[in-house]
Each structure stands twice: as structure tokens, then as C-alpha cells.
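FYI, it's all coordinate maths here, none of it is from the lab. In this text the structure is predicted, and so the values were computed from the model without any measurement. Here the Cβ is made from the backbone with ideal geometry for all residues, glycine too, and neighbour counts use every protein chain on show.
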Amino acid sequence: MVKVVYDEICLTHIQDYGHPERPERIVETLKKIQDKPWVEIVSSEKFSESVLLHDEEYIEYVKTFRGYMTGDTIVRSNTYELALNSVYCALTAARCKGFSLSRPPGHHAGRNFGGGFCYFNNIAIAAHELTKEGKKVLILDWDLHHGNGTENIVEGRKDIFYISLHQGWIYPGTGNLEDSRDNIIDLPMPTGAGNQTYLDAFDEIIVPAIHHFAPDFILVSHGSDAHWRDPLGSLELTSDAYGVFTQKVCEYTKNIAILLEGGYDLQALAESNCAILKALQGKDVRLTRSPSETKADVAKMKRFLKNRYEFLR
Ligand SMILES: [Zn+2]
């Protein structure tokens, strides 16, 4: 059985009318997994608020501020409770090696800032909790956007490695290839990159990085906004590609949990979530072709990274 961590309360999180990060994102996936006997939906466990890795002033701000934190991210009277619940879903998913089907997302939240629909950094907190058990954790972030918040929190850590694949030169504007250093690899993808480019990146850079770092646990920031159908991005991934990426991670370890970040086309999100669940269950996922792909030069990225990472030489 694959465990999907879900609490109904996450449907009460509302940004604003017409906002892309909406409750229907979760509902659409629930509809699709209801009839799958190999999926078990579980509630989050309760943890302590002390797990929040953020600065105290920032936590207090999320508790007390009302209004727009940034142009796209609102703070309401129930935001603190809902964001905390998403953290608990992430921690539960890490415990049960499952899929956190929760919102709000988290990877744009740094130590003392939020934004990009994020308040608390679910994945960085889950990674940190795992390191308390002596585990080395690799965070793989294949959301369309660079996880600037995650990078902000984990940079310099010896026990956490962060790899992000994202469309370059869009929000939040960080994550250039040149920013790759020590425990961080940033792989910005040009407009039009799709399945083949991503598979090259896995084979040439990501899988070697996983083997070099040798994590005890892999956490994935999953966003289906890099899907060709997504309205926010210009990348060309197909739904099944997300399942294939999951298989690649599972080939290394079964100690894996997937946390939902972005993805704003309801069909693409529900399909990609299901492809991931299939892969976690060990079912076969067939890769189709991106409908239109401008292949990016992964070899060139690797040549650049070779100067910084011995394991790529
Ligand atoms: Zn995103």
C-alpha cells in the first residue's frame, strides 16, 4: 500500500478569488485515487510547534499579521494553523514513506520570509527532523520554480544535500547554475525543456550526486507546474515522466517521501500525482514523449559543474 497523507482541513486554505493555488488542486487528485485499492489515505500525526525551523519573529509574524505578505500570498487568521498542519503532513509522510497531499506548499519559505504561496518550509523541516535521527537527507526539488526557501535554510549543511531542477529566469529569480556550491546543485532549465532533457539531467548529474552523497533518505519537492499543460510554466514534462523520475529515485532507495508543492493545471496535477503513486507502489510507468521539446544542453551544464564537484569528473 502507498500511503497518502491528507487532512480535510487543507481544503479550507484560501488565497483569493481566482488564485491558482486553490483547494480543487487536492480534490482532483482525491477523486482519482479513491478507486485505487493500493492507496491508503492517512491523517497527519501531531507533532510539536517547536519543529518549525524559522526565526521566531517570522513565526510570530505569520501568527499575527493579516493581509498580503507578498503580492501573491495572503495571511489570514487561520493561516498559521493551516501552514503548521502542512508541516505535520510532511513529517507524517517522512515517517510512513508516503506522499503528502497537502497545502499550503512550502519550498519558497526561508528562515525569515515567506511568499510564492508558501509560509513554512515543509520539506526543510522534514529533512531536519530526519537528520536528528542521524540520517543524511537529499532533497530533490522538481517543481517548476527554484526552491529558494529550501536552499536558504539548508545551505552549508553537511547532512542535507539539495538539488533543484527548475525553469530558469522566472519567479523567484534565484537558482542559477553558478549558484551551485557545496551541498547545493541548481539546474535551471530553458523554456521548452521536457522529458529527454530531464532524463539526461538525472543520468548525468542527479544520479551521480545521489550516489556520491549516499543519503539515508530522499525527500522530493514535487510540483507538476513543469508539465506541458501548466499555465504558469513553459516546460514540457508529461504526467508519466514524474513516475519515471520517482522510479529513478526508488532504484537508489525505498526511503523516500514525496511532498506536494506546486502544479496548477488540475488534470496535469492529478495525473502526475497518480504516476508518482504508481511508481512508489512498484507499478510500471510507461514514458511518453513530450508533445514538443526543445532539448537543453545538459552536457554543457555538467562541464560547468565538473569544476565544483569532483564526483562529476
Ligand atoms: Zn512551482
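Where the only charges are on Cβ atoms (+1 Lys, Arg; -1 Asp, Glu), what is the dipole of the chain about its Cα centre, to the nearest 20 debye?
Using Cβ point charges on Lys, Arg, Asp and Glu, the chain gives about 680 debye.
To the nearest µm²/s, what D does Stokes-Einstein give for segment 57-97 at 20 °C and 1.002 mPa s, using the Kirkwood radius over alpha carbon pairs as Rh?
Rounded, D is 191 µm²/s.
What does the charge count around N112 come to, taking other residues whose C-beta lies under 10 Å from its C-beta (Lys +1, Arg +1, Asp -1, Glu -1)?
Residues close to N112 contribute a combined charge of -2.
Amide H of G98 versus every other amide H placed in the peptide plane: which residues, excluding those fewer than 5 positions away on the same chain, fall under 5 Å?
Here the answer is I258, since their amide H atoms fall under 5 Å of that of G98.
Give the distance, in whole Å, between the Cα centre of segment 1-61 and the Cα centre of segment 223-260.
18
Please report the net charge: other residues with Cβ closer than 14 Å to the Cβ of K295, K and R +1, D and E -1.
Neighbour charge sum, excluding K295 itself: -4.
Determine the relative contact order of the chain: mean sequence separation of Cα pairs under 8 Å and six or more apart, normalised by residue count, in whole percent.
18
As an exercise, identify the trypsin sites (Lys or Arg not before Pro) in segment 1-53 lying in DSSP coil whose Cβ has no more than 14 other Cβ atoms within 10 Å.
K46
Testing the spin-label approximation: label points 7 Å from Cα along Cα→Cβ at R76 and D216. State their distance in nm.
For the pair R76/D216, the computed spacing is 4.0 nm.
Which residues' amide hydrogens lie under 5 Å from the amide hydrogen of T70, considering only partners 5 or more residues apart or on another chain, with H built in the peptide plane?
Excluding prolines and chain starts, which carry no amide H, there are no hits.
Quick one: C250, C89, C10, fewest Cβ neighbours within 10 Å first, how do they rank?
Fewest-to-most ranking of C250, C89, C10: C250, C10, C89.
Work out how far the C-alpha atoms of segment 112-190 reach from end to end along every principal axis, then list the three figures in whole Å, largest first.
38, 26, 19
Calculate, for F311 and E133, the FRET efficiency according to 1/(1 + (r/R0)^6) with r their C-beta to C-beta distance and R0 25 Å; round to the nearest 0.05.
0.50
Which whole-Hz ³J(HN,Hα) couplings does segment 141-155 yield from phi under the Karplus relation 6.51 cos²θ - 1.76 cosθ + 1.60, θ = phi - 60°, glycine and proline marked x?
Using θ = phi - 60°, the values come out as 10, 10, 5, 4, 9, 5, x, 4, x, 4, 4, 4, 7, 9, 4 Hz.
What FRET efficiency do you get for S43 and R303 if R0 is 35 Å and r is their Cβ-Cβ distance, rounded to the nearest 0.05?
0.15
Direction-averaged shadow area of the convex hull around the Cα atoms of the chain, nm²?
With the hull built on Cα positions only, its mean projection is 14.2 nm².
Using amide H atoms built in the peptide plane, which far-off residues or other-chain residues are under 5 Å from W38 H to H?
Long-range HN contacts for W38: none found.
Using a/c under 1.5 as the rounded threshold, could you call segment 191-308 rounded, prolate or oblate? The axes a ≥ b ≥ c are square roots of the C-alpha gyration tensor eigenvalues, and prolate needs a/b larger than b/c, oblate otherwise.
The shape class here is oblate.
Which order results if K278, K254, K248 are arranged by neighbouring Cβ count within 10 Å, fewest first?
Arranged by neighbour count, lowest to highest, K278, K254, K248 become K254, K248, K278.
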